[in-house]
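The values are calculated or read from the model by the stated rules, or taken from the named source; none is laboratory data. Values in this document were obtained by computation on a predicted structure and should not be read as measured data. Note that each Cβ is placed from the backbone with ideal geometry, even for glycine, and that neighbours are counted across all protein chains shown. Ligands, DNA and RNA are stripped out before the accessible areas are found, and what is left, the full protein with its side chains, is counted by its heavy atoms. Shrake-Rupley method; radii C 1.70, N 1.55, O 1.52, S 1.80 Å.
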Amino acid sequence: MGKIARRRRLAPRVEGMEDRRLLSGYTPAQVRAAYGFDGVAWDGSGQTIAIVASYHNPNLLSDLEVFDRAFGLPTADVTVVNLAGDSTDATWAAESAMDVQWAHALAPGASIVLVEARSDSGDDVLAAIDVARNIPDVTVVSMSFGFAESSGQHVYDPRFTTPPGHVGVTFVAASGDHGAAGGAMYPASSPNVVGVGGTAVTLGPGGGVLSESLWSGSASGPARFAARPGYQAAFQPGARKTTPDVAFLGDPATGVAVYHTPPGASEGGWRTSGGTSLGAPAWAAIVAMVNQGRALEGKGSLDGPSQTLPALYALAGTAAFRGVTNGVSPTAAGLGVPDVEELAPALARDPAPEPSATPNGRAPTRRRTPPPRRPATFPRVVRTPPRLGPGRSLRPPVGAARVDFR
């Protein structure tokens, strides 16, 4: 059974003034202003964001305490579902630190559940996703990783749908950090998932956006094995789904501040980080804000394939998105980057009615509507996914999850 660690009060470590420990990268205030977060009254309150990563990060909560104090953020409500035991990995720990810190920075009222997969194998990561999507009150799942595409990947698409009887869930994934030449990755290429690409952003002295262009490392392109979903029909003429769907700050050269203590280290420090893996928790925060607005009006949270994705594409070319300089292809930045002040209210208004079936042809699940401002709750026991016996694996097999932390 997985371990559950509740957030506890921790005193931040005070470090000496060495250069490597100085604040660096864009701050939450700068990023919030650049993308219009401050123009919306919602902060994600009453919503729960699930973040899926691999291996255990023993310093996650203490690092988050330092981050919150540095930027004057409220104490986060974080639950860690540890399926990895004592197994750690430095790269994945850095990834989970950034994902949790920035999901909290952009939706500070939302509760967060970090589900730590036993390893980065395909079986273990998919099992962790299944745990995340079944946690009560989770309305968005953030996945800052991807797998190489395979001809049988469609059999996993049901993993990225709302479980029966559950509140609506939206799934968000990084498109990858290997550039356009590397093509699409899964699950960003799934018709059930919002894939997020990356941009390079230059801010002026007053905090305004001076320029924003597609980051050279942002993966993009048509999926090899996923047909174009109906919601992309008016957006692109190809026969396959194009990735990403949307974009956000990603270039580590114009990245964000993250506080991280590697597993086994006695001291942490500040670093500037980025990658399309930053865009996944950022867009998860946006969805949490939208779902809060919907809850205040007595509406249910958005279902990803049947509502969120069609609604996003219905807003193509509107003030909800800001275009970016893009010399790669017309779809390499997806719909563009969000103007949250315009986007969030538009999504909360139900701009696209729920269709009779998802892009996979399955009828959408029925969802209960949560009452307004109902605080998030967590199960005392989180169901551990079934263990695979010796020699058994998912079919078709998938390789290890790729995390391109920058």
**Report entry** Scan of the range 220-234 for residues that are over 14 Å from residue 327 (Cα atoms) and either surrounded by 18 or more Cβ atoms within 10 Å (Cβ to Cβ) or in contact with a Pro (Cβ under 7 Å, 6 or more places away or on another chain) (or both), ordered by number
**Finding:** 222, 223, 226, 228, 229, 230, 231, 232
Query raised in the report: What number of residues within the range 200-253 satisfy the criterion of being of a type in the set (D, E, K, R), in contact (Cβ under 8 Å) with a residue 40 or more places away in the chain and part of a strand (DSSP E or B)?
Result: 3
Query - Criterion (modelled with pLDDT of 95 or more and either open to solvent by less than 30 Å² (accessible area, probe 1.4 Å) or assigned to a helix (DSSP H, G or I) (or both)) met by exactly one of 41, 53 - result: 53
Requested in this report: Report yes if some residue within the range 140-163 is open to solvent by 10 Å² or more (accessible area, probe 1.4 Å), more than 28 Å from residue 225 (Cα to Cα), of a type outside the set (Gly, Ala, Ser) and in contact with a strand residue (DSSP E or B) (Cβ under 6 Å, 6 or more places away or on another chain); otherwise report no.
Outcome: no
Query raised in the report: Can you name the residue in the range 177-219 that is of a type in the set (A, V, I, L, M, F, W, C) and touching a Leu at 6+ places or on another chain (Cβ under 8 Å) and, of all such residues, is surrounded by the fewest Cβ atoms within 10 Å (Cβ to Cβ)?
Result: 210
Query raised in the report: Quick check, is residue 325 open to solvent by 40 Å² or more (accessible area, probe 1.4 Å) and either of a type in the set (S, T, N, Q) or touching a Cys at 6+ places or on another chain (Cβ under 7 Å) (or both)?
Result: yes
Query raised in the report: Where residues in the range 56-76 are in a loop (DSSP other than H, G, I, E, B) and among the hydrophobic types (A, V, I, L, M, F, W, C), which of them is surrounded by the fewest Cβ atoms within 10 Å (Cβ to Cβ)?
Result: 73
Query raised in the report: Taking into account only those residues within the range 86-119 that are open to solvent by 20 Å² or more (accessible area, probe 1.4 Å), among the small types (Gly, Ala, Ser) and not in a helix (DSSP H, G or I), which is farthest from residue 130 (Cα to Cα)?
Result: 109
